[in-house]
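The values are calculated or read from the model by the stated rules, or taken from the named source; none is laboratory data. Since the structure is predicted, the reported quantities are computational estimates derived from the model, not experimental observations. Cβ atoms come from the backbone with ideal geometry, glycine included; neighbour counts cover every protein chain shown. We work out accessible area using only protein heavy atoms, side chains counted, and drop any ligands, DNA or RNA first. Shrake-Rupley method; radii C 1.70, N 1.55, O 1.52, S 1.80 Å.
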Amino acid sequence: EIIIGSENAIQSELYVVGDASVMETTSRNMKPVLKHSSIDAIKDAMGYSLASTANFGKKGELAVGRLSNENYETFRSVIGFDLAPLGIKRDPDYEYFGYEEIQKAVLKLYTIRPADEEMTIKLYQIDTAWEETKINYKDMINMDAPVLLGEYKAPLSSGEFGIDVTSVFADWNHKPDTYAFMLVVDTLQKKKTTIGFSSREGIVSPKLEMS
């Protein structure tokens, strides 16, 4: 729920985007106070190194890791979100408001195929434009200057897996409407194991939860 309050507000309109209720006002000096919101991914896809030009955007799984053989085939996955519901655009300069009010943001993934041994996955911020039904492994490894956000131990059991991404919100008011992450296996890791998260075509969509 996003609530805006001001003694100077002269007109307001209530509308709903996803499961977030948003109140927008005409006051130019007001900023929303985000109480709680959750948005699902609008696109996601996995890539496979031995089919580097194939698209897997409609698969129900987002795989990360290496296959159990000597060729070290690797999987990586990308996830994109639409940020427009979280901020207020105003003409003529299209400045964004609201992101700095967020106290906590978590990327929520649902593990459908746990790692069978300990492995490290890396989370990157990516700004390169991509399409769910076109992107492939080759595109993923050639993305412009991905920013490492952190390294995490992969879950060893099925269920929800959360990664705190609060720190990246500081720059989101300077970003376009879409924002994306990439999950990869640590390149120095030679363990032959993979993990599978549900894609938005699977049983539970990746999502961002904010409060």
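Details
- TYR179 exposes around 10 Å² of accessible area when a 1.4 Å probe is run over every protein chain in place.
- When only the Cβ of Lys, Arg, Asp and Glu is charged (+1, +1, -1, -1), the dipole of segment 109-150 relative to its Cα centre reaches about 40 debye.
- Applying 1/(1 + (r/R0)^6) with R0 = 30 Å to the Cβ-Cβ distance of ARG113 and LYS134 gives a FRET efficiency near 0.75.
- Chain lengthening between ALA51 and ASP186 when straightened (0.36 nm per residue, less Cα-Cα): 46.6 nm
- Highest mean packing comes first when the peptides 199-209, 121-131 are listed by Cβ atoms within 10 Å, giving 199-209, 121-131.
- Exposure of PHE81 as accessible area (Å², to 10), given a probe of 1.4 Å and all protein chains: 0 Å²
- Label-point separation in nm, ASP144 to ASP82, each point 7 Å along Cα→Cβ: 2.4 nm
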